[in-house]
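Everything on this sheet refers to the single structure shown next.
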Amino acid sequence: MKSCYQAVTANAACIMNLEGYGLQPGCNADLVMLEAHDPIEAIRLKAKRRMVMRRGKVIAENPSTPTRLNLDGRRSELDQRFV
């Protein structure tokens, strides 16, 4: 699964023979930030997109919304990114 994830993410520009793509200085820096601990979790859970960058600029953001708990009269929040 990790190699499949790499094929459609980090290696996609290489596969399509595109130049100037990557996260090095001077590159286009197009990326999508997912809410997942690793590539397998991103695929398995169909991870939410948290941020999209195009040519190094944020074009979309979707901030994380914590889950609110009310247990035994105590209120708290659970940030699902770290569960």
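When region 50-69 is filtered for residues that are touching a strand residue (DSSP E or B) at 6+ places or on another chain (Cβ under 8 Å) and at pLDDT below 85, the ones remaining, listed by number, are 63, 64, 66, 67, 68, 69. No other residue among 54, 44, 50 is of a type in the set (Lys, Arg), surrounded by 10 or more Cβ atoms within 10 Å (Cβ to Cβ) and in contact with a Leu (Cβ under 7 Å, 6 or more places away or on another chain) apart from 50. When 62, 70 are screened for being among the polar types (S, T, N, Q), surrounded by 11 or more Cβ atoms within 10 Å (Cβ to Cβ) and over 24 Å from residue 2 (Cβ atoms), only 62 passes. Of all residues in region 1-16, those that are surrounded by 12 or more Cβ atoms within 10 Å (Cβ to Cβ) have Cβ atoms under 8 Å from Cβ atoms of residues that are part of a helix (DSSP H, G or I), 6 or more apart or on another chain, in 5/39; 5/40; 5/42; 5/43; 6/39; 7/15; 9/39. Which residues, taken from region 67-83, are without any contact (Cβ under 8 Å) to a residue 12 or more places away in the chain and of a type outside the set (S, T, N, Q)? If the condition is that a residue be without any contact (Cβ under 8 Å) to a residue 12 or more places away in the chain and of a type outside the set (S, T, N, Q), then 68, 69, 71, 72, 73, 74, 75, 77, 82, 83 are the ones that fit.
Taken over region 50-66, the residue count meeting the criterion of being in contact (Cβ under 8 Å) with a residue 24 or more places away in the chain and part of a loop (DSSP other than H, G, I, E, B) is 3. Put simply, of 47, 29, 42 the only residue that is at pLDDT below 80 and not in a strand (DSSP E or B) is 29. In region 54-74, how many are among the small types (Gly, Ala, Ser), under 25 Å from the mean Cα position of the chain (by Cα) and farther than 23 Å from residue 26 by Cα? Of the residues in region 54-74, 1 are among the small types (Gly, Ala, Ser), under 25 Å from the mean Cα position of the chain (by Cα) and farther than 23 Å from residue 26 by Cα.
The values are calculated or read from the model by the stated rules, or taken from the named source; none is laboratory data. Quick caveat, the model's predicted, so the values are computed rather than measured. Please note: Cβ atoms are built from the backbone with ideal geometry, for glycine as well, and neighbour counts cover all protein chains shown.
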